[in-house]
1. Inspect all residues belonging to the range 134-142 and state whether any of them is free of Cβ contacts under 8 Å to residues at least 24 places away in the same chain, among the hydrophobic types (A, V, I, L, M, F, W, C) and in a helix (DSSP H, G or I).
2. Of the conditions (1) under 16 Å from ALA40 (Cβ atoms); (2) crowded, with 16+ Cβ neighbours inside 10 Å; (3) touching a residue at least 60 places away in the same chain (Cβ under 8 Å), LEU86 clears all except one; give me its number.
3. Return the only residue of MET115, MET122 being within 13 Å of the chain's Cα centre (by Cα) and either charged (D, E, K, R) or assigned to a helix (DSSP H, G or I) (or both).
4. In the range 1-47, which residues are of a type in the set (A, V, I, L, M) and modelled with pLDDT of 85 or more?
5. Working only within the range 155-192, note down all residues that are modelled with pLDDT of 95 or more and surrounded by fewer than 17 Cβ atoms within 10 Å (Cβ to Cβ).
Amino acid sequence: MQTAADRPTTPTVGSPAAVLRWAPLTGIATVVFFAISVIASSPPGTGASDTAWTAAYTGSHDAGHIATGVCLVLSGLMFVLFAAELWRRITRRGLADRRPSPLPLVAAGVAAACMSVGGMLMAAPSAVVSGGGPVPGADVLRLCNNTGFALVAIPGMLAAAIAVAALSIQGRRAELFGRRLQVFGFVAALILLASILFVPIVAWLIWLVVLAVYQLRVPRAT
């Protein structure tokens with residue numbers, strides 16, 4: 001007869017086990033916040049006139065630019081949490097005398113920092129206007145937007161590529177996932193090297209969703 005002590009326990013909502021069970025959702029949250037940051041703000045094109053740039057930072061447009069900054073900060077934070085949870089599982093599955101390198105955590109932290117600073121730069125002009133200040137000149141608006149995007153797309157996504165590649169190597173060594181996911185991670189990391197074109201960032205978002213769903217579906221043995 002099975003006693004109460006022998007029966008498997010189901011994690012209750014809010015318990016540490018339940019929190020860890022759903023921790024991979026931070027990967028999907030990363031994608032959601034990043035997508036909102038892109039949709040919320042639509043700055044003028046590179047060749048737009050000074051009038052167009054000034055108009056884009058007045059009136060109801062301010063909320064969208066501020067939302068972009070906030071969502072990029074949240075997206076970066078979620079990415080760090082996702083990388084930390086994946087690394088924790090890798091560490092638990094690895095050998096006790098072979099602790100994995102913390103490189104993925106450092107790289108994820110750098111990516112999050114670049115995303116946060118870039119987002120704040122993009123939102124800064126709107127924050128000034130919302131606080132009652134004058135609309136900055138068109139050149140300042142271009143500088144804030146272009147520098148913010150460059151921070152996200154170049155050092156931010158380069159760091160994200162390093163985190164993806166390192167986690168792919170470590171996850172395979174720890175047998176947390178198979179060769180296909182490892183190769184997929186390498187491909188995503190390589191594509192991210194061209195993130196200055198913006199579209200390659202989609203590879204990172206797809207990788208996050210795939211890894212999040214995979215972790216939610218497999219038994220949590222770690």
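1. Checked the range 134-142: at least one residue is free of Cβ contacts under 8 Å to residues at least 24 places away in the same chain, among the hydrophobic types (A, V, I, L, M, F, W, C) and in a helix (DSSP H, G or I).
2. (1)
3. That would be MET115, the only listed residue that is within 13 Å of the chain's Cα centre (by Cα) and either charged (D, E, K, R) or assigned to a helix (DSSP H, G or I) (or both).
4. Within the range 1-47, LEU25, ILE28, ALA29, VAL31, VAL32, ALA35, ILE36, VAL38, ILE39, ALA40 qualify.
5. Hits for the range 155-192 are VAL183, PHE186, VAL187, LEU190.
The values are calculated or read from the model by the stated rules, or taken from the named source; none is laboratory data. Keep in mind that this is a model prediction, so the values were computed, not measured. Cβ: placed from backbone, ideal geometry, glycine included. Neighbour counts: every protein chain shown.
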